[in-house]
Amino acid sequence: MKNQYALRPYHNPQNADESLVPKGWRMLYADEFPMPVIHGIPCRLFIKPMWFVDSDPSDPDMIPRFGDRTNCVGRISGITYIIPVNP
């Protein structure tokens, strides 16, 4: 069976590297964005920390990652979202 998602572009690929997506999750595809107002699908957003001159690179909060909250709206342009592989 051919992968139906192989040629679908991601909603915001320049923001987050696909290697950062946790197992069981996938990036939101361009044709799925924006998500419906009341979608009920677990949705997480990419957190890209703001670096300052006095930022400590060893601080765990300074590592680019996907957040733990799963109730994101999936509707804001410029933010990369992930949803479960099988929502």
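Brief remarks on what is shown
- Extended-chain gain in nm, criterion 0.36 nm per residue less alpha-carbon gap, Val73 and Ile41: 10.6 nm
- Cut-off of 10 Å, at most 15 other beta carbons, DSSP loop: longest stretch of the chain lacking such chymotrypsin sites (Phe, Trp or Tyr not before Pro): 6-50
- Rg of the Cα atoms in the chain, relative to 2.2 N^0.38 Å, amounts to 1.17.
- Applying the criteria of a DSSP loop state and at most 11 other Cβ atoms within 10 Å to the trypsin sites (Lys or Arg not before Pro) of the stretch 1-69 yields Lys2, Lys23, Arg69.
Since every read-out is calculated from the coordinates, none of them should be taken as a lab result. Since the structure is predicted, the reported quantities are computational estimates derived from the model, not experimental observations. Virtual Cβ from ideal backbone geometry, glycine too; neighbours counted across all protein chains shown.
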